[in-house]
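Values quoted throughout were computed directly from the atomic coordinates according to the rules given, and no laboratory measurement underlies them. Every value quoted in this text rests on a predicted model; they were computed, and no experiment measured them. Glycine gets a Cβ as well: all are built from the backbone with ideal geometry, and neighbour counts include every protein chain shown.
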Amino acid sequence: MIRATDDNEYYELLSPTSLPKASGFLWNEKMMIHMNCRGYAVAQFMQPEPAKYSYAPNLEAKTFMQPEQPYYAHHPGRFVYVKDEENGKVFSAPYEPVRTLPDKYTFAVGKNNIVWKIENDGIGIEMSLSLPKEDAMELWRVKVTNLSQTKRKISIYPYFTIGYMSWMNQSGEYKQELQGIVASAITPYQKYQDYAKIKLLKDKTFLLADQEPFAWEVNQEAFEGEGGITSPSSIQNEVLSKGESRYESPVAVLQYRLEMEPGEEQAYRFIFGPAKDETEIAQIRQSLFVDRNANGEDGFVQAEREYAEYIKEGRGCIEIKTPDADLDNFVNHWLPRQMYYHGQTNRLTTDPQTRNYLQDNMGMSYIKPQMARAAFLTALSQQNASGAMPDGIILHEAAELKYINQVPHTDHCVWLPICLSTYLDETNDYSILDEKVPFADGEEVASVFEHINRAMDWLMGARDARGLNFIDQGDWCDPMNMVGYKGKGVSGWLTMASAYAFIIWADICGKSEQLETSKKFRLAADETNVVINKYLWDGEWYARGITDDNVVFGISTDKEGRIFINPQGWALLCGAADPVKQKKLMQAVEEQLETPYGVEKLAPAYTAMREDVGRVTQKFPGTAENGAVYNHAAAFYIYALYQVGEQDDAYRLLRKMLPGPDAADILRRGQLPVFIPNYYRGAYRQYPNTAGRSSHLFNTGTVPWVYRCLIDGLFGLKGNEAGIQVHPQLPSEWQEVTVKRTFRGAELHIDIKRESGVEKTEVYLNGNLIEDGIIKDLTAGAEYSVLVKIPSLNA
Ligand code: CEZ
């Protein structure tokens, strides 16, 4: 059903119906496209706010990308209808809208392109999508092959949806001079003040062809006729009617008529995207289809190549070989790619949530540390002198704080030291602490060190008389918006996260000779942990918080939302849980939250609104924050398990983040293992039938944490001031792994194996035992060979 290609370049799906929502995504500096196996697409580009050029059939509310996107017949998509001119039979590639089951079908998701190969009735259709590196446009190739023994007369109809562009003004027509279709619209608006922005928008959608079509249609209704989208009336005619759209929904359909000898191939290329005006479209045509470089390549070919190079820049810093080939493939290729996407594009928003911006750049520390560095400085330059971090980091002068960033959350400060520590581990660039950065309010400029001190002080100040952190209208959990909106409710998780942030910051201060400050925050962490145990320990696990009305929740007497994952994991991280409590809470998690698809965020999922907890309780039970296997939260927990040395539990849960390896699991998740989704359905004990289903949402803070689980935990190759501290935590069933670790310019070839007689980890560098297990004095450009012996379990 699914398989990785031999070179691991693609993941292939061999049926259009077994995982109907299986998908891949491509992105560049200005756009992203989420393409599913049946031809449906969700694409958006930045101008600077996210916008569409291939629209739904009615106006969509603008919000973040939706989980478990429903696809429907008229959903935006890219297809090719194929008609046999001799018998009138029609099918479509890749599968929608005609839905004829092809004789052969492959959907191959690659790193820099997405490819389909379809065979139907002796006709082969190969479609591929790539992007240029910078610009918002899709680069399509369509190849038609006559696979039969006889001469064939066919028509192909590349069909690109444009959809309902605007209720104010929309139209479209074929332009001879451009050899393509241009649809035009005015983005709807009502305030005259908006006109200045509206007039600059790319309100045209174009489809350019490298070969002159035989005919075309630009009017959606005329194209479909009474036959509808599955069997458009107009393609029953010999020639499309060359229609236009005048305040009618436009569509971009071209017709090519072909007479093909047996074995003959025909290749076409198309460019689809948004533009400001026809001049711009003409320039695109000129530079991609006409102009050639010294090697005779046109811009289209060059753009595809540049894009492949761009995607390759997103390499991670480990390459692994373990007993689990699927894991290797994911970790070596897809995981860094997903992390790079986040770090490079900030999820295509102009005002990323502060915690997302910081965590996405935590991931960038492994790929392009200079970018992570710059991002940390940008974030700090938007901090208030009080130490408070804002909701949302503005990345574009024209950006506005939208949606969730208008809701006050109290957790943003904790992410500063946590994310910075990864950057420091990777780079040892402590000079960042001396960097001078302004505050958002007032004239004051201060060092990064001072900025983070103030953030930590702010966390210490934003507490009630008991010493618990106020939650206001949310913490990490966005929709937990009514625990503390009256100003009294507190977050158990945030109190723990603050303690953990103090510890991390105290460590960083200790290493940069800020000993007094280090002591201060270590003490603060200890005191916080006392408070945590006094007010939040429920006997078998930790509570999630205490509401405005002083009701403790996330405890054994709650029928719903009885246990939450975050306070358990973070109590391990911040050291609040002593060994007895550790054991108890891990057991509670295993019994109440673990499922075959990972650990749930809370259980039992809420089935009705709890007005003293908020919106999270209104989400459908088992989706998103209401008890899904919310991978971001699961990753925190796994990270914590590694921190306390629970390597088998940690690995078991880590592996559950990926679909597979068995077919039943893949069917259940419905997703290719080319990204980790933000959640898999939970509420396993309430709704077992839907449990495990992927959200298909590839925007998630999960990925840098998974990477940290691998580097700091599983393979134990974390950086420090001196070099790399080697401390692997392999699951019991693994005997040997090899890792290539790139680190500060050096390359280490590390072989980790179990060996009988070995009592504790032994690290050998070029054959010599290293007493403290820290590989030091690494030189950029040099290669090292490291042998790590770990105890054998059957000794
Ligand atoms: O957004 C994520 C946020 O991007 O939810 C996480 C949060 O930590 C991330 O910063 C947990 O709440 O508002 C909502 O109800 C949404 O569900 C968002 O909380 C959620 C979406 O998944 C965005 O993709």
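The alpha-carbon atoms of segment 148-244, seen along their principal axes, cover 64, 31, 21 angstrom, with the largest extent given first. According to the calculation over all Cα-Cα pairs in segment 606-694, the P(r) per 5 Å bin from zero is 3, 15, 20, 21, 19, 13, 7, 2, 0 %.
Compute the acute angle (0 to 90°) between the alpha-carbon long axis of helix 415-427 and the principal axis of greatest extent of the alpha-carbon atoms of the chain; round to the nearest 10°. Around 80 degrees separate the two axes.
Which of the peptides 198-204, 593-599, 176-182, 680-686 is most tightly packed, and how do the rest follow, going by the mean number of other Cβ atoms within 10 Å of each residue?
Numbers: 198-204: 16.3, 593-599: 23.3, 176-182: 18.0, 680-686: 25.3.
Most protected by this proxy first, the peptides run 680-686, 593-599, 176-182, 198-204.
In terms of its C-alpha gyration tensor, segment 525-664 comes out oblate, because a/c is 1.5 or above while a/b does not outweigh b/c.
Annotation: amide H-H contacts under 5 Å for Ala603 (H modelled 1.01 Å from N, sequence separation of 5 or more, or interchain): Gly561, Arg562, Ile563. Rg/Rh for segment 710-795 stands at 0.95; both radii use Cα atoms, and Rh follows the Kirkwood definition. Start at zero, step by 10 Å, and the Cα-Cα distances of segment 361-474 spread as 14, 42, 35, 9, 0 percent across the bins.
Relative to its residue count, segment 316-395 spans a Cα convex hull of 87 Å³ per residue.
Cβ-Cβ distance of Arg246 and Lys436, R₀ of 51 Å, FRET efficiency by 1/(1 + (r/R0)^6): the value works out to about 0.30.
For the peptides 469-480, 372-383, the ranking by packing is 469-480, 372-383, with the highest mean count of neighbouring Cβ atoms within 10 Å listed first. Amide H contacts of Gly77 (H built 1.01 Å from N, in plane; Pro and chain starts excluded): Ala41, Thr161 sit under 5 Å, all sequence-distant by 5 or more or on other chains. For the pair Asp121 and Asp772, label points projected 7 Å from Cα toward Cβ lie 7.4 nm apart.
On the principal axes of its alpha carbon atoms, segment 678-758 extends 48, 34, 18 Å, with the longest extent given first.
Note: relative contact order over segment 29-172, using C-alpha pairs below 8 Å and six or more positions apart, is 25 percent.
Database remark: amide H of Ile123 closer than 5 angstrom to the amide H of Leu147 (H placed geometrically; neighbours at sequence offset of 5 or more, or on other chains; Pro and chain starts carry no H).
For segment 277-380, a crude dipole built from +1 on the beta carbon of Lys and Arg and -1 on the beta carbon of Asp and Glu, taken about the Cα centre, is about 500 debye to the nearest 20. Which residue, chosen from Ile418, Val445, Thr378, occupies the Cα position most advanced towards the positive end of the dipole of segment 359-464, where the dipole is computed from +1 (Lys, Arg) and -1 (Asp, Glu) charges on Cβ about the Cα centre? The residue sitting most towards the positive pole is Ile418. Note on Lys601: lysines with a C-alpha under 20 Å away, same-chain residues under 8 apart excluded, are Lys559, Lys581, Lys583, Lys584, Lys619, Lys656.
The calculated 222 nm mean residue ellipticity attributable to helices in the chain amounts to -7500 deg cm²/dmol, summing -39500 (n - 2.57) over DSSP H runs of n ≥ 4 and dividing by all residues.
If Lys and Arg each add +1 and Asp and Glu each add -1, what is the summed charge of the other residues whose beta carbon sits under 14 Å from the beta carbon of Asn237?
Numbers: positive: Lys83, Lys242, Arg257; negative: Glu85, Glu217, Glu224, Glu226, Glu238.
Residues close to Asn237 contribute a combined charge of -2.
For Lys519, the lysines whose Cα comes closer than 25 Å to its Cα, not counting residues fewer than 8 places off in the same chain, are Lys436, Lys511, Lys534, Lys718. Candidate cross-link partners of Lys204 among the lysines, defined by an alpha-carbon separation under 20 Å and a same-chain spacing of 8 or more, comprise Lys30, Lys52, Lys62, Lys175, Lys242, Lys276. Mean projected area of the Cα convex hull of segment 197-279, taken over all directions, amounts to 7.4 nm². Could you grab the Rg to Rh ratio for segment 69-147? Cα atoms only, Kirkwood for Rh. With Rh from the inverse mean 1/r over Cα pairs, Rg/Rh is 1.00. According to the Cα-based calculation, Rg over Rh for segment 47-193 is 1.01, with Rh computed by the Kirkwood formula.
Please report, in debye to the nearest 20, how large the charge dipole of segment 575-711 is about its Cα centre when each Lys and Arg carries +1 at its beta carbon and each Asp and Glu carries -1 there. The partial results should precede the final answer.
Details: 16 positive and 13 negative charges, 57 e Å.
Dipole size: approximately 280 debye.
Here the calculated FRET efficiency for His749 and Arg655, from their Cβ-Cβ distance with R0 = 35 Å, stands at 0.90, rounded to the nearest 0.05.
Can you give the net charge of the other residues whose Cβ lies under 13 Å from the Cβ of Gln735, counting K and R as +1 and D and E as -1? Numbers along the way, then the final one.
Values: positive: Lys321, Lys753, Arg754, Lys789; negative: Asp324, Glu733, Glu736, Asp751, Glu755.
Taking every other residue near Gln735 into account, the sum is -1.
One compactness figure for segment 298-447 is 1.19, namely its Cα radius of gyration divided by 2.2 N^0.38 Å.
Every Cα-Cα pair of segment 646-795 was included, and the share exceeding 18 Å stands at 64 percent. Over segment 337-402, Cα pairs under 8 Å with separation of 6+ residues give a relative contact order of 38 percent. When the trypsin sites (Lys or Arg not before Pro) in segment 276-305 are filtered for DSSP coil states and for at most 16 other beta-carbon atoms within 10 Å of their beta-carbon, the remaining sites are Lys276.
Share of Cα-Cα pairs in the chain beyond 38 Å, in percent? Within the chain, distances greater than 38 Å cover 44 percent of Cα pairs.
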